[in-house]
Amino acid sequence: MLRDIIVSRCRVKLLQIFLSNPSEIYYIRQLVRISGEEINAVRRELLRMEKASLVEKEARGNRLYYWFNRSYIFYNDLLSLISKTVGLGGMIVKNKNKIGKIRLAMLSGRYARSLPTKEGLVDLLLVGDISITELARLVREEESRVGREINYTVMTKAEFDFRKKRRDPFLLGILSDIPLMLIGDEMDLAA
């Protein structure tokens with residue numbers, strides 16, 4: 001999907017690496033190993049990304065370390081795109097028909113940025129007629145990949161609307177955590 005917009009295969013892989021763990025820093029050989037791309041292709045793409053202010057770098061010892069520039073004007077937009085194509089978000093989008101009739105699916109902003117979940121909040125919210133067993137399978141698979149528990153909740157559309165109308169503190173907490181929409185429209189949250 002992302003490949004439809006960005007023509008460089010290497011850049012797509014680098015964006016996925018950087019934005020799957022936005023707080024991480026990487027050195028070139030590490031990026032080569034993770035991406036599976038040739039070292040010259042990675043260097044060339046990092047140079048282009050640096051010129052476009054997508055990444056920043058710093059020399060430490062005999063290595064150059066790179067990280068994604070969080071002040072990049074399209075940072076949140078790219079983070080949203082990556083969240084829909086890799087990890088738990090990518091799995092939800094890819095398997096949406098198996099999961100059920102999803103009206104809304106959103107990841108918490110903290111989860112998308114690889115930050116710990118705040119007490120009492122969730123990493124993933126789904127609204128609709130959901131197959132809990134299929135969703136639980138996908139969540140367990142991602143939990144084993146990332147090595148941490150993923151908190152999620154499922155609501156019917158009626159329950160979501162009721163909680164939203166009542167200004168339920170649990171739901172407001174989820175919505176105040178700057179969620180990234182996987183499926184659905186932000187306007188459904190405001191209505």
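Quick note: the coordinates plus some simple rules give every number you see, no bench work behind them. Please read all numbers here as calculations on a predicted model, not as lab measurements. Ideal geometry is used to build each Cβ from the backbone, glycine not excepted, and the neighbour counts take in all protein chains shown.
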How much length is gained if the chain between Lys118 and Asp77 is pulled fully straight, taking 0.36 nm per residue apart and subtracting their Cα-Cα distance, in nm to one decimal? 12.5 nm
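Within 15 Å, Cβ to Cβ, of Gly173, how many net charges do the neighbouring residues add up to if Lys/Arg are +1 and Asp/Glu are -1?
Computed value for this residue: +2.
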For the stretch 2-68, calculate the relative contact order in percent as a whole number, restricting contacts to Cα pairs under 8 Å that are 6 or more residues apart. 33 percent
Please report the relative contact order for the stretch 87-190, taking Cα pairs under 8 Å with a sequence separation of at least 6, and give it as a percent rounded to a whole number. 39 percent
Placing unit charges on C-beta atoms (Lys and Arg positive, Asp and Glu negative, everything else neutral), compute the dipole magnitude of the chain about its Cα centre in debye, rounded to 20. 420 debye
Percent relative contact order of the chain, based on C-alpha pairs within less than 8 angstrom and at least six residues apart? 20 percent
Can you list residues whose amide H is under 5 Å from Leu182's amide H, if they're 5+ apart or on another chain and H is modeled 1.01 Å from N? Ala105, Met106, Leu107
Taking a cut-off of 24 Å between Cα atoms, list the lysines near Lys94, but don't count ones fewer than 8 places away on the same chain. Lys13, Lys84, Lys157
For Ser131, Ser71, Ser20, order by how many other beta-carbon atoms lie within 10 Å, fewest first: Ser71, Ser131, Ser20
Span from the the stretch 132-167 Cα centroid across to the the stretch 30-103 one, whole angstrom: 25 Å
